[in-house]
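Trainee: Just passing along the structure, written as structure tokens.
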Amino acid sequence: TVVTDAKPAPAKKAVPDTQTVTAVKHWTDRLFSFRCTRPSSLRFRSGEFVMIGLMTTDEKTGREKPLLRAYSIASPSWDEELEFYSIKVEDGPLTSRLQHIKVGDKIVLRPKPVGTLVHDALLPGKRLWFFATGTGFAPFASLLREPQTYEDYDEIVITHTCREVGELTYGRELIEGLKDDELLNEVIGDGFWKKIKYYPTTTREESPKMGRITDLMRSGEAFRDLDVAPLNPESDRAMICGNLAFNLELKEMFEEYGLKEGANSDPQHYVVEKAFLD
Ligand code: A2P
């Protein structure tokens, strides 16, 4: 008989809500996107966000705890994986670490989706506008791959304002890729992508269209370029996702156009959410 007083190793406390990274792509030195496994229980509406992050050690107690931030899900509701689009902030508590994740790494994901950038928060309309700055494009990456977007609207106008040209690439490639999206072609039919008007602008690097979208709308230039009338509450619906100043400025403009802000419980003409900045 072998006598041993060795205690069984304490069972490692399972980290709740852990998912595995399946792909990572760096777009610029400030931006990256990644994909991860999707919890089988997670149901969400395209455009919603969840809390995701990494395990970290609490400096005071030495205990492991999750460091979480709100991230829009960039993949559509039907996708079997999840996609996220993130900024990299050098001294950002989360993104200074998150930007180094590799395929096979674990992330924490709380499967409780919420948000107002959803079709349910808008009244029916003819034209749907997506207004994004920087990583604010993420929820629209989800909604642009959602069949309902094309079922509910005759036209979709996407404006994306970034500092530099390279920051537009994620969005541009996604929009160009819609033409070849099998599910959308099957469900919506050939040519659904002809409903899309894309209006990218930059503010700090030379590009074909320069300036903040707010200024381009105020001067009328954006509407002339797009060949559409300014927004009105009869036909237009809008979703806004960008930095705080951008959101506030657009809200003010929309109220001048007579548009009202909606919510899940009270669908109206437009909805707003802050883009994640760490
Ligand atoms: P700008 O370069 O003129 O500040 P950020 O990276 O700082 O979040 O900004 C992303 C983009 O949003 C930039 O092109 C920036 O332009 C633009 N932006 C910032 N504030 C506003 C605003 N109030 N209205 C419109 N665009 C804005």
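Trainee: Quick check on the stretch 184-209: of everything there that is loosely packed, with under 14 Cβ neighbours inside 10 Å and farther than 23 Å from Lys126 by Cα, which residue is nearest to the ligand (Cβ to nearest atom)? Break it down stepwise before answering.
Mentor: Just the residues of the stretch 184-209 that are loosely packed, with under 14 Cβ neighbours inside 10 Å, to begin with: 186, 189-191, 194, 204-206, 208.
Those left that are additionally farther than 23 Å from Lys126 by Cα: 204-206, 208.
On the way: Arg204: 5, Glu205: 9, Glu206: 13, Pro208: 15 Å.
That would be Arg204.
Trainee: Let me ask something else. Show me the strands (runs of 3 or more DSSP E) entirely contained within the stretch 138-243 in which 1 or more residues are touching a His at 6+ places or on another chain (Cβ under 9 Å).
Mentor: In the stretch 138-243, 196-202, 236-242 are the strands (runs of 3 or more DSSP E) which contain 1 or more residues that are touching a His at 6+ places or on another chain (Cβ under 9 Å).
Trainee: Spot the failing condition for Trp129; the list is (1) within 25 Å of Asn264 (Cα to Cα); (2) more than 16 Å from the ligand (Cβ to nearest atom); (3) in contact (Cβ under 8 Å) with a residue 60 or more places away in the chain, and only one is missed.
Mentor: Failed condition: (2).
Trainee: Quick check on my filter: what residues within the stretch 85-137 are in the same structural domain as Pro267 (by TED's automatic domain parsing), among the hydroxyl-bearing types (Ser, Thr, Tyr) and in a strand (DSSP E or B)?
Mentor: Thr133, the sole residue that qualifies.
Trainee: While we're here: Going by the conditions given, is Ala263 under 22 Å from Gly115 (Cβ atoms), within 16 Å of the ligand (Cβ to nearest atom) and small (Gly, Ala, Ser)?
Mentor: On the way: under 22 Å from Gly115 (Cβ atoms): yes; within 16 Å of the ligand (Cβ to nearest atom): no; small (Gly, Ala, Ser): yes.
Answer is no for this residue.
Trainee: I would also like to ask the following. I'm checking my understanding of the structure. Among residues of the stretch 266-278 that are more than 16 Å from the ligand (Cβ to nearest atom) and crowded, with 17+ Cβ neighbours inside 10 Å, which one is farthest from Lys209 (Cα to Cα)?
Mentor: So in the stretch 266-278, the residues more than 16 Å from the ligand (Cβ to nearest atom) come out as 266-269, 271.
Remaining after also requiring crowded, with 17+ Cβ neighbours inside 10 Å: 267, 269, 271.
Values: Pro267: 33, His269: 27, Val271: 26 Å.
Ranking the candidates gives Pro267 first.
Trainee: Sticking with this one: Considering the stretch 56-76 alone, what residues qualify as being more than 17 Å from Gln19 (Cα to Cα) and surrounded by 13 or more Cβ atoms within 10 Å (Cβ to Cβ)?
Mentor: Passing the criteria: only Pro76.
Trainee: For the stretch 160-183, which positions are more than 13 Å from the ligand (Cβ to nearest atom) and either among the hydrophobic types (A, V, I, L, M, F, W, C) or not assigned by TED's automatic domain parsing to the domain that holds Ala222 (or both)?
Mentor: Taking the stretch 160-183 as the starting set, the residues that turn out to be more than 13 Å from the ligand (Cβ to nearest atom) are 169-170, 172-183.
Selection gives Leu174, Ile175, Leu178, Leu183.
Trainee: Looking only at the stretch 232-250, decide whether some residue is surrounded by fewer than 17 Cβ atoms within 10 Å (Cβ to Cβ), closer than 22 Å to His119 by Cβ, more than 13 Å from the ligand (Cβ to nearest atom) and of a type outside the set (S, T, N, Q).
Mentor: Here is the first cut: in the stretch 232-250, the ones surrounded by fewer than 17 Cβ atoms within 10 Å (Cβ to Cβ) are 232-235, 243-245, 248.
In the following step, the residues that additionally are closer than 22 Å to His119 by Cβ were identified as 232-235.
If we keep only those that are more than 13 Å from the ligand (Cβ to nearest atom) as well, we get 232-235.
With of a type outside the set (S, T, N, Q) added as a condition, the list becomes 233-234.
Yes, there is a match, as at least one residue in the stretch 232-250 is surrounded by fewer than 17 Cβ atoms within 10 Å (Cβ to Cβ), closer than 22 Å to His119 by Cβ, more than 13 Å from the ligand (Cβ to nearest atom) and of a type outside the set (S, T, N, Q).
Trainee: In the stretch 239-253, what residues are in contact with a Lys or Arg (Cβ under 9 Å, 6 or more places away or on another chain) and of a type outside the set (Val, Ile, Thr)? Before the answer, list the steps.
Mentor: Residues of the stretch 239-253 that are in contact with a Lys or Arg (Cβ under 9 Å, 6 or more places away or on another chain), as a first pass: 240-244, 246-247, 249, 253.
Hits for the stretch 239-253 are Cys241, Gly242, Asn243, Leu244, Phe246, Asn247, Glu249, Met253.
Trainee: Sticking with this structure for a sec: List pairs: first residue in the stretch 202-221 and without any contact (Cβ under 8 Å) to a residue 40 or more places away in the chain and at negative phi, second residue more than 8 Å from the ligand (Cβ to nearest atom) and not in a loop (DSSP other than H, G, I, E, B) anywhere in the structure, Cβ distance under 6 angstrom, at least six positions apart or on different chains.
Mentor: Leu216/Ala222
Trainee: Moving on to the next point. Could you tell me whether the stretch 216-227 includes any residue that is near the ligand (Cβ under 10 Å from one of its atoms) and of a type in the set (Phe, Trp, Tyr)?
Mentor: no
The values are calculated or read from the model by the stated rules, or taken from the named source; none is laboratory data. All of these numbers come straight from a predicted model, not from anything done at the bench. Methodologically, a virtual Cβ is constructed for each residue, glycine included, from the backbone with ideal geometry; neighbour enumeration extends over all protein chains shown.
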